[in-house]
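First up is the structure itself, then whatever we jot down about it.
The values are calculated or read from the model by the stated rules, or taken from the named source; none is laboratory data. Fair warning: this is a prediction, and the values are worked out from it, not measured in the lab. Positions of Cβ are generated from backbone atoms using ideal geometry, with glycine treated the same way; all protein chains shown enter the neighbour counts.
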Amino acid sequence: MASIVKEIVVRCSASAAWDAIRDVGALHTRLVPGFVVDTKLEPGARIVTFANGAVVREPIIALDDARRRLVWSAEGGRSTHYNGAAQVFGDGDGARIVWTADFLPDDLSTAFDAAMTAGAIAMKRALDAIVD
């Protein structure tokens, strides 16, 4: 199983970063605008439309406020298995987000790494714009 980890350091506080990440229905407006263009909620999941037109159903596995950690899976994309997690840590006056994806098949690594890099850039831009 392939794994990719992205670490994003942002200027906003950990609590502000977590507030945006835990708002699972607002990916397209609060967390990764431009990378994700629409998010719709349904019981226990979100339907995510990416800028490239891909639509994926993402069941929410865990939303842990104490650990500032969100875990989700994905159905309907190119992977046969996908598990993602984002966790927020304090980093001085700012925050550090660790985004991990574990997926199959391994040969999606190049495409997923490029997508996660684009997502990390969008996330940093959005979170750095928060004034708290």
- Note on the structure: Filtering the stretch 55-77 down to residues that are loosely packed, with under 14 Cβ neighbours inside 10 Å, in contact (Cβ under 8 Å) with a residue 12 or more places away in the chain and assigned to a loop (DSSP other than H, G, I, E, B) yields Asp65, Arg67, Gly76
- Can you work out which of the residues in the stretch 97-108 that are in contact (Cβ under 8 Å) with a residue 60 or more places away in the chain and either among the charged types (D, E, K, R) or in a helix (DSSP H, G or I) (or both) is surrounded by the most Cβ atoms within 10 Å (Cβ to Cβ)? Leu108
- Within the stretch 1-18, track down each residue that is part of a helix (DSSP H, G or I) and buried (at least 17 other Cβ atoms within 10 Å of the Cβ). Ala14, Ala16, Ala17, Trp18
- Task: Would you be able to say whether some residue in the stretch 88-96 is surrounded by fewer than 15 Cβ atoms within 10 Å (Cβ to Cβ), part of a loop (DSSP other than H, G, I, E, B) and without any contact (Cβ under 8 Å) to a residue 60 or more places away in the chain?
- Result: yes
- Note on the structure: For the stretch 78-87, the count of residues that are buried (at least 16 other Cβ atoms within 10 Å of the Cβ) and either not aliphatic (A, V, I, L, M) or not in a strand (DSSP E or B) (or both) equals 5
- May I ask you to list pairs of residues, at least six apart or on different chains, whose Cβ atoms are under 6 Å apart, with the first in the stretch 109-128 being modelled with pLDDT of 95 or more and among the hydroxyl-bearing types (Ser, Thr, Tyr) and the second being surrounded by 15 or more Cβ atoms within 10 Å (Cβ to Cβ) and not in a helix (DSSP H, G or I)? Ser109/Ala2
